[in-house]
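Please read the structure below before turning to the comments.
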Amino acid sequence: MTHAQSSHQIASLAEAEAFFAAHPDVDAVDIIFTNMCGVPRGKRLRRHEVLAVYKDGRFLPGSAVIVDITGRDTEETGLVWEDGDADRHIRPIPGTLVPAPWAGPKAAQFLTGFYELDGTPNDLDPRHVLGRVLDRLAGHGLTPDVAVELEFYLVDAK
């Protein structure tokens, strides 16, 4: 049985340097995080910007993880007007920097997690929420199983 890696692990600069050494042509990298609705969001960076993210993180608005399904701010959270839509840190998740040929021949991507400015995990980041749930279950000797049903249509190209 495999165990999920902790949601609080942060990738090292050495990981990004090794990736770029193995993939010298990559020049565009998408940073990806998932909001509370399960919608992936992100930003495209250049190679030198990616190394800075792996070294120090990057600022993004904290409200980005709690937008509604249409992409609008969820004002009821207090993160928009009351908080001034303050920045939080995003940090790369280990093992997620990979080539993304569907985004272009010189493209890559990696997943990120949101952190408060003091380095603690952001309470609204879905990855950290899931990590807390998994920790609580593990504390009771439980391991969750997930089954996903994919629904799709096959159509004739004619």
Which residue pairs have Cβ atoms under 9 Å apart, sit 6 or more places apart or on different chains, and have a first residue in region 134-151 that is closer than 20 Å to HIS8 by Cα and a second that is assigned to a helix (DSSP H, G or I) and of a type in the set (A, V, I, L, M)?
THR143/LEU134; THR143/LEU137; PRO144/VAL133; PRO144/LEU134; PRO144/LEU137
Just one of (1) at pLDDT 95 or above; (2) over 30 Å from ALA18 (Cα atoms); (3) of a type in the set (A, V, I, L, M) trips up VAL146, so point out which.
(1)
When region 71-97 is examined, which residues are found to be at pLDDT below 80 and not acidic (Asp, Glu)?
GLY71, ARG72, THR74, THR77, GLY78, LEU79, VAL80, TRP81, GLY84, ALA86
Quick one: which of GLN9, GLN5 is within 16 Å of the chain's Cα centre (by Cα), part of a loop (DSSP other than H, G, I, E, B) and at pLDDT 80 or above?
GLN9
Picked from region 99-109 (must be in contact (Cβ under 8 Å) with a residue 24 or more places away in the chain and not small (Gly, Ala, Ser)), the residue farthest from VAL29 (Cα to Cα) is PRO105
Per the list (1) under 20 Å from ASP27 (Cα atoms); (2) of a type in the set (Lys, Arg); (3) part of a loop (DSSP other than H, G, I, E, B), residue check on ARG91 breaks on (3)
Read through the list (1) surrounded by fewer than 13 Cβ atoms within 10 Å (Cβ to Cβ); (2) within 22 Å of the chain's Cα centre (by Cα); (3) without any contact (Cβ under 8 Å) to a residue 24 or more places away in the chain, then give the number of the only condition that VAL129 fails.
(1)
Does TYR54 count as hydroxyl-bearing (Ser, Thr, Tyr) and either under 12 Å from the mean Cα position of the chain (by Cα) or farther than 25 Å from HIS8 by Cα (or both)?
no
Return yes or no: is VAL133 out of contact with any helix residue (DSSP H, G or I) (no Cβ under 8 Å at 6 or more places or on another chain) and in a loop (DSSP other than H, G, I, E, B)?
no
Quick one: how many residues across region 20-43 are assigned to a loop (DSSP other than H, G, I, E, B) and free of Cβ contacts under 8 Å to residues at least 40 places away in the same chain?
3
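The values are calculated or read from the model by the stated rules, or taken from the named source; none is laboratory data. Treat the numbers as computed from the prediction; the structure is a model and nothing was measured. All Cβ positions, glycine included, derive from the backbone under ideal geometry; neighbour counts span all protein chains shown.
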